[in-house]
Amino acid sequence: MEVTTESIKHKLLGKIRNVPDFPKPGIQFKDITPLLADADTLEITSNILAEPFKSAEVDYVVGLESRGFLFGPDLALKLNAGFIPVRKPGKLPAETLSHSYELEYGTDSLEIHKDALQKGANVVIHDDLIATGGTALAAVELIQKLGGKVTGFSFIMELKFLKGKSNLPAEIPYHCILSV
Ligand code: AMP
């Protein structure tokens, strides 16, 4: 996102903690809890996430379990949209649609409530981080199967070396604050 200055990016990056070998050996986990705990970086991140969608028509923000639930509802409020959780298997109580995907550290499935959105609804997908892009792509599948239209991606950071962005449909606008 070009509008974000280098000094702001630097400030946000300073609040992302690298945790080696979590959740398993060889993975460097990007922990956003320090960024959330600081009132200043919490507000800055919230504002920057909303900026690119201010003039877009967004019906729903879909947040991906679990860290997509942290800023997702806030982003939805800012865009005058609703919030829909996409969750790991067995967590959503009503009838669900399911889709399997690959993660940087394993494979998993995601679910959405079958009645979560109306056909033709404009949806922004949000998560804290994109690694391979498998999770976000699974969310695209779920939303499209329900007849929704994915009109944007919103991430706090991307792991550049995994090139997740290139696995997402190129025609859908992609917004990510930090590249690490
Ligand atoms: P991917 O499907 O490979 O793009 O993985 C993205 C999902 O896994 C997001 O929900 C992230 O929160 C989580 N994730 C993957 N790798 C990391 C990492 N190194 N640090 C923190 N979260 C990660």
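Readers should treat all values here as calculations from the given coordinates under stated rules, not as data from a laboratory. What you are looking at is a predicted structure, and each value in this text was computed from that prediction instead of being measured. Cβ sites come from the backbone with ideal geometry, for glycine too, and all protein chains shown count toward neighbours.
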Q: Test S100 against the criterion of being of a type in the set (S, T, Y), surrounded by fewer than 19 Cβ atoms within 10 Å (Cβ to Cβ) and under 19 Å from V150 (Cα atoms), and give yes or no.
A: yes
Q. From the residues in the stretch 111-158 that are acidic (D, E) and under 19 Å from I32 (Cβ atoms), which one is nearest to the chain's Cα centre (by Cα)?
A. D127
Q | Residues that are among the hydrophobic types (A, V, I, L, M, F, W, C) and touching a Gly at 6+ places or on another chain (Cβ under 9 Å), drawn from the stretch 36-65 | A | F53, A56, V58, V61, V62, L64
(Q) Here's a check for you: in the stretch 103-139, which residue that is among the β-branched types (V, I, T), surrounded by 22 or more Cβ atoms within 10 Å (Cβ to Cβ) and within 12 Å of the ligand (Cβ to nearest atom) is nearest to P52 (Cα to Cα)? (A) I125
Q) Are there any strands (runs of 3 or more DSSP E) wholly within the stretch 27-127 with 2 or more residues that are closer than 19 Å to G164 by Cβ and in contact with a strand residue (DSSP E or B) (Cβ under 7 Å, 6 or more places away or on another chain), and if so which? A) 28-31, 60-64, 96-103, 106-113
Q) Are any residues in the stretch 53-69 crowded, with 17+ Cβ neighbours inside 10 Å and either farther than 21 Å from D115 by Cα or away from the ligand (no atom under 16 Å from the Cβ) (or both), and if so, which ones? A) F53, V58, D59, Y60, R67
Q) Is there any pair linking a residue in the stretch 66-77 that is closer than 15 Å to F153 by Cα to one that is in a helix (DSSP H, G or I), with Cβ under 6 Å and at least six apart or on different chains, and which? A) F71/L49; L75/L49; L75/A50
Q. What about T45, is it crowded, with 18+ Cβ neighbours inside 10 Å and either over 20 Å from T5 (Cβ atoms) or out of contact with any Pro (no Cβ under 8 Å at 6 or more places or on another chain) (or both)?
A. yes
